[in-house]
Structures are given as C-alpha cells and as structure tokens.
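Let me begin by presenting the structure, written as structure tokens, before commenting on it.
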Amino acid sequence: MDGKIFAISGMSCANCAARIEKNLCQSDGIQSAVVNFALAELSVSHDPAVIPEEQIVKIIKELGYGVILPEPVGELTFGVRGLHCASCVNTLESRLTEHPAITTAIVNLAAETGFVTFDPQQLGTADIFAIVHAAGYTPVELHGSETAQNDDLRSQRNWLIFSILASLPIMFTMGLHTNRAAMQLNLLLATMVQFSAGLTFYRGAWSALKNRSTNMDVLVALGTSAAYFYSLAAYFGLLGPHREVFFETSAMLIAFIRLGKYLEARARGKASEALKKLLHLQADKATLVTEQGEQEVPASIIRVGDVVMVRAGGIIPVDGEVLEGSGAVNESMVTGESLPVLKRPGDAVSGATISTNGVLRIRATRIGEATLLAQIIKMVREAQGDKAPIQKFADTISAWFVPVVILLSAATFFIWYALLSRDFLTAFRFAISVLVIACPCAMGLATPTAIMVGSGIALRRGILVKRGSALETISRLHVLLLDKTGTLTRGTPELTDLLPVSQSVDPDKLLACLAAAEAYSTHPLAEAALTSALNAGIKPGKAEDFVERGGFGVTCRYEGCQLAVGNERLMSELGISLTPLAKKVSDLTAAGKSLVFVAAEQTLVGVAAFADSLKPGSVKAVAELRRMGITTCMITGDHADVAAIVAQQTGVDTFEAEVLPERKRDVVKEYQKRGLTVGMVGDGINDAPALALADTGIAIGGGTDVAKETGDIVLMRSDLMDVVRAIAIGRATLTKIKQNLFWALFYNILGIPVAAGLLSGYGVTLKPEYAGLAMAFSSVSVVLNSLLLKKIEKTV
C-alpha cells in the first residue's frame, strides 16, 4: 500500500470532507481515506496496481473539488562516521546544500546522523551518500548504524590502548637523551603512534582542507606534526648540535586526545540510549495463525490482515485490533502510562507493547513503517537531529574558530621568539599548546547532547517531541492557550437535560430529530446526543440535505421537515426566537451546561443540555502553569456563561468564549503581535490551524497515529500535567545548553591564554601534551553535564 497526501480545495464544511472519504472508501484498492477539513488535506492509503493516483484525482474532481498533487519530496536520515567537531558539521551541511536538489541538510554531531530533504526525481540515496563520501565522511544506513557505532567504539578503544602502550616507554625514557638505544626506541614508537593512531587526524584534516574549511583535526594534525617533525629533525642533527628531542609530546598528545574521544563516544552513547531502547522494543518473532494452525515466523513477514496470537508475557509484534480474548497490556513503552490497560475484542493495540496476562488473537492493521513504534522512532530521530535556535550561536563561532586559533598560535610563536627574545623551543612549545588546547568540539556538542537527553526523558514520560527546537521554545513560553473540550474537560459530554418547548412536543420525537440531525457530525456533543438516543432505543433516521457549519451547528431535512440544530448563533442567524425557553436556558447556562437548540420549520421546539466534567488533573495543572509564570487562557466555542464557570473551576487567568475555529488562529496571532511566545494545547481537528501557527503546538492525547498530529509536541496521554512536565523538561534542557555553551566558551577563553604562556611569569605553564588532554576532557565534560539532566526525571 502507498500513502499519499493531497491538498483539496473547494470544501465548505466537514460534510464535504465526509463525502470525499465515503466515495473514496467505496473504491476498490483504497484501504483508508481521511480528510482533514481544517488543513484541507486528504491522506489516502491505496494499492497503485488497483487504483493509480490519477484515478483518485479523477474521483475527487468528479465530486466537484479541486486537487493539488503532492510535490515529490524525499527525506533521508542516515548515520555519519568521521565527524569530529562543529566545523565538520558546517562543512558537511554546506556540501550537501550546494546540490540544487537538496533543500534541507541538518547534521547532528552528538547523534552522528544526517537528515536531508531532497527531490527524489533528481537524486537518490546513493547520490547523497556519494556527496557525503566526497566530503570526507562515511555515510551509514540507519538500520545498521548501531552496529557501526559499536564497531567504531571498539576501534577507538583498541587505538587508545595501542597509543597508551606505545607512549608509556617514551614517557619513562624521555630524560635519557644521551642514550642512543632509548632515543631509537622513542623514534620508532613515536613514528608508529603518529602514523597509525594519529592517522585519523591527518585524514580528517585533509578532508576539511580539500573542502576549503578547517576543523579540530587540522589543529591536532598541525600540533602533533610540529612536535614530531621537530624532534625528528633534531634527532638527525638537522637543526644543529645539542637540540632537544621531545617525541613524548606528539605520542602522548595523540594518546590523550584518543582517551578523550573514547570517553566522549561512550558518554554520547548514553545520551542516545532512549532511542536505542525504542529500537530494541521491536519484536523479532510472531505467532502467525493460519488454517494449518499456529506458526512462529519472523515479525517482518506479517502483512496487514494477518492474524497473530499473543500469550501472556509476549510482545505484540504489530499494530492491530483484538479479535478474540482479553487481557491486560503494558503500554508504558509508548505512552508512558505505568498501569496495564485492559484490552477486549474491538480494542486497538500497538506493536512493541507487552501482554501481561490472557491470550489475544489480533488482526494486523499496520505493519513496518506505519506502526506507532516506527512513527515514534522516526520522530525521535528527527527531533534529535533538529537544531535549536541557540545552536546558531555556536555554529557562527565554530565557523571562524579554527582559523582564528591558527593565527593566535602563529602570533604566540612570533611574540615569544621575535619580540620577547625567548629561545626557539619555548616559543615553539607555547605555539603547539595553543593549537591543541583550543576545542571547537565542546561548542558543537553543547546543544545536541542536551536535546538528545531531554527528548529521551520526555519520551519515557509519554511526551513525544517532534522537533528538538521545541524544547527550547517551550521553555520560553509567556502565554499558553488551552482548548476547553478534551483538554481541560474530559471531552465526552453527556446529555443531562432534554426540554421540549411545550407539552405538545413529544420528548421522544424531539430526541429522534436531534439524533437524525447529529448522525453525520463528528462533534463531541453530536456523539453524546446519538449515544443518548441509542440508549433510549431510538435509532437515528435518515436526514437529507445535511450541511454542517463549524462553530454553528447543522441544518438538514428530516421526514419532510426542515431542521436546524445548533447553538445560539445559528438560531440568531436563522431568526429563530429563543424567548419561549429563556428562563430554562438561563438556569441551564448558569449551571455550566452546553446547549444545543432544536428548531423545526423556523420554530424552536426544544433544547438539549450537555455537561462535560473536568479532567482530574486540570486544576492542578493550571495552578502549576501559573506558578511557572505562564499566563493561561482558555478558548472555547461554548457560551460565555458556560466558559466563565469552567474558567472559575480551573483557575485560568482569562478565557475567550464563542470562538469559531478560524478565530483560534487569530487569538494566537494577537498574542504574538504583542511580542509574546505563545503555546497552544488542543486535541481536536478545529485546533490544527492554531497548533500549527503557535510558537509551540502541543497536541494532547496523540492516540495511535502520531504522524498525523499537528504540533511540535504530542502528549500520548490525555493528561494536562504532561504539559507542565514538558515545560519543566524544556526549561531544564535550555539551562543545560546554556551551561554547556558557557563552559565551552569559558574553557577556550581561559585555556588559550594559559597555553600561550600568559601566566608563565607566575610559574604557570602547560606542556603541549597536557594541553591536548585538557582539550579532550572539555568535550567529555559537556556531554557528562548533559547527562546530569537525567536527575530531573524523578521530579517531573
């Protein structure tokens, strides 16, 4: 099955969307068709061999709507090996975006991944990988990236051990300059280290220079080469008699930098462990039920429609629907909900969740990349690859960092040797120390490592961060707009009162008219009306000329009578007087109930009242948001009196009532024009435009198809306290980013002058090898500081 998204024009109401869905779903070869009226988009899953894309377009056009074919856009996320610092990131991004078919390129140093959007008609995966290779880096398919990462870590460990073992004899014999055998051994060992363990720095430097850029490898290669080749020339007497040889400097420098890089790689692996745990959740095996009986097969061969058996303790291999059996399922790995959820026939289940008891027969509804777990993995990767706005600061500095350090190194040598008339070797060592102590890596790792850890913490709480930059944006929120229905309230209202306008109106007939009119609507109040009618034994009749108007209600013809069912705005527009029920309407409104009026042939015949209770955590969540200094504003389409009661119950700062769907976007814009950072929390289709426009859109109750959710953050549970947790995680993440950037800048600002000998008058100097060790550990310290974010997991 292929999935396609089309832009639809010409829809005037939700009924148009339902009409398109109905006609498409009747066609052979179409598995599903969902129209998002708010976004004017059609998402369709079809078999191109049965019904091609052109036929789908023809069906829609015959219904009287316009269709805009999707632009071919390809996306590719891949692993990258050979990234050493922020300059490498800038180099690779520049090389990728130079190609006219690539529109976006984001490289993540901490995760060692690349993400590109491109035109698949001009470019393929192999072409993109060729560009990466040409830039001097190694691309890796993501499904094998963890293995490659482990191999890389093992290789780094082995080179570290080798460089340390080779450097130790040099350290122990470095004072024996008159012992020819000791000097020969030092020369041999230093040469082995320089052109084996140190070869990676030459490769990296050559790749950078070939691409007309500079990186950390250039600094290390210059520093180690200067020390090694000076010692080599001195050893053979090319610099005159009695010149000092210091092979230990180049060898120990490489060993120390290797040590730092190994520890950094270990720490970076811990930062991305949330994603690794997700990957390990995927089931390898499945019990397939066939006519011949049960058969254990690889989970990868399960197809949509297949039936699988899952016993207690087993992992559900695919997304599906329970056909037979019942039992509790642990969904904590995808929703963050710790308590198992009881599943019965007809209930949906997600792949990678665990059956804790009972036996379930499940029909597969989504497999492979379409499953909830696959969607989450894809979004986590994209979020961790996204660049937060604050990262631009680090990128700007990194672009100029290495050339400036080389100039400072040259200036250091010139000042000490030419101006201060110190001996050549002293000036030379100071210059080398400046080269190797400078660290662009720490700045490159400051933001992505913190985002990786922060998004991982959020994920374990059932908070799916779709864009890593949202963690920074949500931490700066000034105003949070809260949709009432489904966000502050349960979103499942119940019919509490049905009042005929007079005794001459039959209550059952009134309920039948209400049910007939609401039968095609997806509004929560409409569903509540239908449920009440069915419970009363009234089956909805067939309505004709059905028209639904968002924020007003519906009109239709039922049993030859023209009906209007909706709110006070609809009645007012149609000129229908509400006076006969004015007193009762006032009492119901004062009680905080939502009202739906029923009129027949321009005459009011009754009113239905619905009540929607608050969610258990709404009051506490609003109080916490206010304590955080965030202004809360409730938005609802309900009457002002109803909204005022809910606002008072929840404690929000302000509210807007009788808001039409398009008005929600305007409210977001109004706050943004005042220079405020605005967040929007909602769960309905009417919230999609506002969620998309807000600085941070938060979709609550993501369900099983998170890819279709509009917003930067998706809350897998319908718990408003998760909004508070998301903000707390965002603030903690931003604090860590600022700490990391401060440390990276402070280290370089302090370290470079010390390495240049500025404090030598006080007896404080730094040998080149120890300068290299300091450089290596500055990166490790940034990663370790990011890992300290995990401490907040116990408090959110």
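The values are calculated or read from the model by the stated rules, or taken from the named source; none is laboratory data. The structure presented is a predicted model; accordingly, all values stated were derived computationally and were not measured. For neighbour counting, all protein chains shown are included, and Cβ atoms are generated from backbone atoms with ideal geometry for every residue, glycine included. Note: accessible area is taken over every heavy atom of the protein model, side chains too, but ligands, DNA and RNA are not part of it. Shrake-Rupley method; radii C 1.70, N 1.55, O 1.52, S 1.80 Å.
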Checking rank on 302-311, 590-599, 414-423, with mean other Cβ inside 10 Å and highest first, the result is 590-599, 302-311, 414-423
Can you find, among Pro120, Leu76, Leu63, the residue sitting farthest towards the positive end of the charge dipole of region 44-124, where Lys and Arg contribute +1 and Asp and Glu -1 at Cβ? Leu76
Give me the Debye-computed log₁₀ of I(q)/I(0) at q = 0.12, 0.14, 0.26 Å⁻¹ for region 346-419, equal point scatterers on Cα only, no solvent, two decimals. -0.63, -0.71, -1.15
Descending semi-axes in whole angstrom, ellipsoid equivalent of region 322-462, from the Cα gyration tensor: 60, 13, 11
What FRET efficiency do you get for Leu420 and Ile161 if R0 is 45 Å and r is their Cβ-Cβ distance, rounded to the nearest 0.05? 0.65
Cα to Cα, under 15 Å, and not fewer than 8 places away if on the same chain: which aspartates and glutamates meet these conditions relative to Lys593? Glu494, Asp497, Glu568, Asp612, Asp638, Asp641, Glu658
Cα extents of region 438-549 along the principal axes, largest first, in whole Å, come to 89, 26, 26
Fraction of accessible area attributable to carbon and sulfur, the chain (%, probe 1.4 Å): 56
At 25 °C and 0.890 mPa s, the Stokes-Einstein diffusion coefficient in µm²/s for region 643-795, with hydrodynamic radius from the Kirkwood sum on alpha carbon pairs, is 125
Take Trp159, Trp400 and sort them by solvent-accessible surface of the protein heavy atoms, 1.4 Å probe, largest at the top. Trp400, Trp159
Over all Cα pairs of region 282-377, how is the pair count split among 10 Å bins, expressed in % and running from 0 up to the last occupied bin? 18, 56, 25, 1
Helix-only [θ] at 222 nm, the chain, -39500 (n - 2.57) per DSSP H run of 4+, per residue, nearest 500, equals -15000 deg cm²/dmol
Work through the residues other than Ser350 whose Cβ is under 10 Å from its Cβ and net out their charges, Lys, Arg +1 and Asp, Glu -1. -1
Counting sequence-distant residues (5 or more places) and residues on other chains, those with an amide H built under 5 Å from that of Ala543 are none
Taking Cα atoms, how many degrees apart are the long axis of helix 768-787 and the longest axis of the chain, rounded to 10 and kept between 0 and 90? 10
Leaving out ligands and nucleic acids, note down the accessible area per residue over region 422-471 with a 1.4 angstrom probe, in whole Å². 16
Sorting His84, His478 by accessible area (1.4 Å probe), largest first, what list results? His478, His84
With Cα atoms, 0 to 90° folded angle of helix 145-172 axis to the chain main axis: 20
Once both label points are put 7 Å beyond Cα along the C-beta direction, the Ser27-Gln649 separation in nm becomes 4.5
Below 8 Å between Cα atoms, with a sequence gap of 6+, how large is the relative contact order for the chain in percent? 13
In degrees, nearest 10, range 0 to 90: what is the angle between the Cα axis of helix 507-518 and the longest Cα principal axis of the chain? 40
Checked against a 30 Å limit on the C-alpha separation, the offending pairs among Lys378/Lys790; Lys58/Lys509; Lys484/Lys738 are Lys58/Lys509; Lys484/Lys738
What does DSSP give for the chain in terms of the percent of beta bridges that are antiparallel, rounded to the nearest 5? 80
Can you bin every Cα-Cα distance in region 572-678 into 5 Å intervals starting at zero and give me the percent of pairs per bin, rounded to whole numbers? 2, 10, 17, 18, 18, 13, 9, 7, 4, 1, 0
√(5λ) per eigenvalue of the Cα gyration tensor, region 278-329, largest first, Å: 17, 15, 10
Please get the size of the charge dipole for region 659-796, origin at its Cα centre, with Cβ charges of +1 on Lys and Arg and -1 on Asp and Glu, quoted in debye to the nearest 20. 420
Given Cβ point charges of +1 (Lys, Arg) and -1 (Asp, Glu) and nothing else, what value in debye, to the nearest 20, does the dipole of the chain about its Cα centre take? 3220
With only alpha-carbon atoms in the gyration tensor, what are the semi-axes of the equivalent ellipsoid for region 483-535, in Å, largest first? 23, 12, 9
Using alpha carbon coordinates only, what is the Rg to Rh ratio of the chain, with Rh defined as the Kirkwood radius? 1.09
Aspartates and glutamates whose Cα lies under 20 Å from that of Lys767, excluding same-chain neighbours fewer than 8 positions away: Asp217, Glu244, Glu248, Asp423
Along the positive direction of the dipole of region 642-796 (beta-carbon charges: Lys, Arg +1; Asp, Glu -1; about the Cα centre), which of Ala699, Leu787, Ala728 reaches farthest? Leu787
Could the peptides 765-772, 215-222, 736-743, 371-378 be put in order, highest first, of the mean number of other beta-carbon atoms found within 10 Å of their residues? 215-222, 765-772, 371-378, 736-743
For region 510-637, what is the charge dipole size about the Cα centre, in debye to the nearest 20, if Lys and Arg each add +1 at the Cβ and Asp and Glu each add -1 at the Cβ? 540
Based on the mean of other beta carbon atoms within 10 Å per residue, what is the order of 536-544, 359-367, 181-189, most packed first? 359-367, 181-189, 536-544
